[in-house]
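*Asks:* This is the structure I want to talk about, given as structure tokens.
The values are calculated or read from the model by the stated rules, or taken from the named source; none is laboratory data. Nothing here was measured: the structure is a model prediction, and the numbers come from that model. Here Cβ is always computed from backbone atoms with ideal geometry, including for glycine, and neighbour counts include all displayed protein chains. The accessibility values were calculated without ligands, DNA or RNA, using every heavy atom of the protein model including side chains. Shrake-Rupley method; radii C 1.70, N 1.55, O 1.52, S 1.80 Å.
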Amino acid sequence: MTAQEHLSYNAFVELAAADPAVVGLVLKGSQAHEGMTTEHSDHDLYVILADGATTELTRFTGHRTPELDLVILSLDRFRAAGMPGFERYALARAQIVLDRLGGVIAQILADKARLAADAAFHEADAWLDAYANSLYRSVKNDRDGHALAARLDAADSIRFLLELLFALDRRPRPYNKYLEWELARFPLPGWDTELLLGAMNHISATGDVSTQRRLFAQVEVAARRAGHDAVLDAWGEDLHLMRPQ
């Protein structure tokens, strides 16, 4: 084993905190989500360096063990991380271990947690159309006797629906692992978390058309309230197939 493989999380934090080139330390993943750690959880740590700084800590670039994963990057690169990208949610709910910049690191994380209004609106447009498409295909396939295709399309629709609902609230969608955690602490406005999760679970498992239609009726109201009429109206008469009968 190398010396790096023996490095513990606490030991590295102490080492990094003593290095003036380090302006921030940010912990993401299970360790940043209260109650989500298991015996297998490691520490995923961003090590943020002042732009243009040099440090011997770069020798730990790519460090990855069962206890500690490190990402070492400049402040500019940290600002850009997940913007866009799959890391955005992880950073939106990350914990600050060190912020030497008087709140700058905290503000960067807050910016990642909140989608810009225009971007969120356009994303919601796209996700709404994708959700309607999968829902429509599922209902048609059920009608025509294609049971497997109907269930697969129903499961696909839930992915798009989640993206839509979080975009409507200007938030990055959480990873599936953290969905229940997120909604328990930060419910989606206007939605009953227990009923929403129950409906999505039932639809994903069975493709039940009546549940899909009831859920779509709620989604349609929320989407129109948010100004997405054009996307829905473009479906024309096909909306009747998606709505409760």
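*Asks:* As an exercise, identify the chymotrypsin sites (Phe, Trp or Tyr not before Pro) in the range 1-99 lying in DSSP coil whose Cβ has no more than 16 other Cβ atoms within 10 Å.
*Replies:* Answer in residue order: 86.
*Asks:* Continuing with the same structure: Compare 54, 211, 206, 193 by solvent-accessible area with a 1.4 Å probe and give them largest first, with all protein chains kept in place.
*Replies:* Ranking 54, 211, 206, 193 by accessible area, largest first, yields 54, 206, 193, 211.
*Asks:* Can you give the relative contact order of the range 129-229 as a percent, counting alpha carbon pairs under 8 Å and 6+ residues apart?
*Replies:* 28
*Asks:* Then there is this: At most 13 other Cβ atoms within 10 Å plus a DSSP loop assignment makes a site exposed; report the longest stretch of the chain without any exposed GluC sites (Glu not before Pro).
*Replies:* Answer from the scan: 40-245.
*Asks:* So, one more: Measure nothing but the geometry: give the 0 to 90° angle between the long axis through the Cα atoms of 193-206 and the longest principal axis through the Cα atoms of the chain, rounded to 10°.
*Replies:* 70
*Asks:* Which shape class applies to the range 9-113: rounded if a/c is under 1.5, otherwise prolate when a/b exceeds b/c and oblate if not, where a ≥ b ≥ c are the square roots of the Cα gyration tensor eigenvalues?
*Replies:* Oblate, because a/c is 1.5 or more while a/b does not exceed b/c.
*Asks:* Per residue, how large is the accessible surface of the chain? Use a 1.4 angstrom probe and give square angstrom.
*Replies:* Per-residue value: 51 Å².
*Asks:* Rounded if a/c is under 1.5, else prolate if a/b is larger than b/c, else oblate: which is the range 129-245, with a ≥ b ≥ c the root eigenvalues of its Cα gyration tensor?
*Replies:* Since a/c reaches 1.5 but b/c is at least a/b, the shape of the range 129-245 is classed as oblate.
*Asks:* Here is a further query. Given a 1.4 angstrom probe, I'd like the percentage of the accessible area of the range 9-113 that is carbon and sulfur, rounded to a whole number.
*Replies:* Reported share for carbon and sulfur atoms: 52 percent.
*Asks:* If you take every DSSP beta bridge whose two residues both sit in the chain, what share of them, in percent to the nearest 5, is antiparallel?
*Replies:* That works out to approximately 60 percent antiparallel.
*Asks:* Let me ask something else. Is there a quick way to get the dipole size of the chain? I mean about its Cα centre, with the Cβ of Lys and Arg at +1 and of Asp and Glu at -1; what is the value in debye to the nearest 20?
*Replies:* 300
*Asks:* Now a separate question. Could you tell me which of rounded, prolate or oblate describes the chain, using a ≥ b ≥ c as the square roots of the eigenvalues of the alpha-carbon gyration tensor, with rounded for a/c under 1.5 and, failing that, prolate when a/b is larger than b/c and oblate otherwise?
*Replies:* Note, shape of the chain comes out prolate.
*Asks:* Counting pairs of alpha carbon atoms under 8 Å apart in space and at least six apart in sequence, what relative contact order in percent does the chain give?
*Replies:* It comes to 15 percent, rounded to a whole number.
*Asks:* What percent does the relative contact order of the range 9-113 come to when contacts are Cα pairs within less than 8 Å and at least six residues apart?
*Replies:* Relative CO of the range 9-113 lands at 30 percent.
*Asks:* Between residue 179 and residue 77, what is the label-to-label distance in nm when each label sits 7 Å out along the Cα-to-Cβ direction?
*Replies:* 3.3
*Asks:* Let's test the formula: R0 of 51 Å, r as the Cβ-Cβ distance of residue 10 and residue 213. What FRET efficiency results, to the nearest 0.05?
*Replies:* E between residue 10 and residue 213, to the nearest 0.05, is 0.45.
*Asks:* Against the longest alpha carbon principal axis of the chain, how many degrees, from 0 to 90 and to the nearest 10, is the axis of helix 104-113 turned?
*Replies:* Computed tilt is about 20 degrees.
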